[in-house]
Amino acid sequence: MQPNELLTHEEETTDVLSGHFSEIISGLGEDPNRDGLLKTPVRAAKAMQFFTQGYDMDAENILRSAMFAEDYSEMVIVKDIELYSLCEHHLLPFFGKAHVAYIPDGYIVGLSKIPRVIEVFSRRLQVQERLTDQILQSIQKTLNPLGVAVVIECQHMCMMMRGVQKQSSVTTTSAFTGAFKSERTRNEFLKLITSSLH
Ligand SMILES: Nc1nc2c(ncn2[C@@H]2O[C@H](COP(=O)(O)OP(=O)(O)OP(=O)(O)O)[C@@H](O)[C@H]2O)c(=O)[nH]1
Ligand SMILES: [Zn+2]
């Protein structure tokens, strides 16, 4: 029997990635066999797998698992949801906050499912614009509410640690469907996410 037959798919991936990380460490001129680096390829592999675990998750299933029929039809906002993602250009983190709102049309969703949907799409190689849109579309498609709004504010390590090296710039992206296309509704949402009372 091959030793690999006993490994799960996840463990096999860890194995493959750690081989590559070992080469990266050598390529950087370091010795992957020195004491402090011995377990680093496996640790780095597991970290990258954690950062990209969203590929194995299904946002629509998550939302559908906690949809409840309810007559409430005012705006529901979940704001200041922290997120960590990886920029697909440099494989460096970008991180910040997401604010999500929807106006129910017959169904509400379990509140925790909104941050879970953000995990699904942020734990991948991403750009902030696509992340914003994917969150929006998955909620719109599943709940079919009167409207969805997503605002994301992030700092990108690729703009901080390297490249242009700007430490304080924050990128804001937003996307809206349905009722949030109206200026009045959108402004109410934007006011509420900047208010400390909500
Ligand atoms: N639109 C968008 N751009 C991003 C995101 N994350 C990183 N980038 C940008 O992707 C671009 C890649 O540009 P390139 O010129 O190919 O890469 P580069 O030479 O490393 O660019 P610099 O970062 O300017 O040094 C950079 O401008 C990054 O700032 C994102 O989420 N959205
Ligand atoms: Zn980048």
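Taking the charge dipole of the chain about its Cα centre, with +1 at Lys and Arg Cβ atoms and -1 at Asp and Glu Cβ atoms, the residue from Ser138, Thr52, His156 reaching farthest to the positive side is His156.
With 28 Å as the limit on Cα-Cα distance, the pairs of Lys113/Lys181; Lys46/Lys166; Lys97/Lys181 that go past it are Lys46/Lys166. Stokes-Einstein diffusion of the chain at 10 °C, 1.306 mPa s viscosity, Kirkwood radius from Cα pairs, rounded to a whole number: 84 µm²/s. For the stretch 3-51, the mean projected area of the C-alpha convex hull, equal to one quarter of the hull surface, is 3.7 nm².
Please report, ordered by residue number, every helix of the chain (full DSSP H runs) that is 20 Å or longer along its axis going by C-alpha atoms and whose mean Kyte-Doolittle hydropathy reaches -1.0.
Details: long enough: 9-27 (27 Å, -0.46); 128-143 (23 Å, -0.70).
Span-like helices in the chain: 9-27, 128-143.
Cβ crowding within 10 Å, taken as a proxy for footprinting-reagent exposure, orders Leu91, Leu86 from fewest neighbours to most as Leu91, Leu86. Could you please state, rounded to a whole Å, how far the C-alpha centre of the stretch 36-69 is from the C-alpha centre of the stretch 152-198? Between the Cα centre of the stretch 36-69 and that of the stretch 152-198, the gap is 24 Å.
Every read-out reported here was derived from the displayed coordinates using simple, explicitly stated rules and does not represent laboratory data. Just so it is clear, the model here is predicted, and its values are computed rather than measured. Neighbour counts are summed over all protein chains in view; Cβ atoms, including those assigned to glycine, are modelled from backbone coordinates with ideal geometry.
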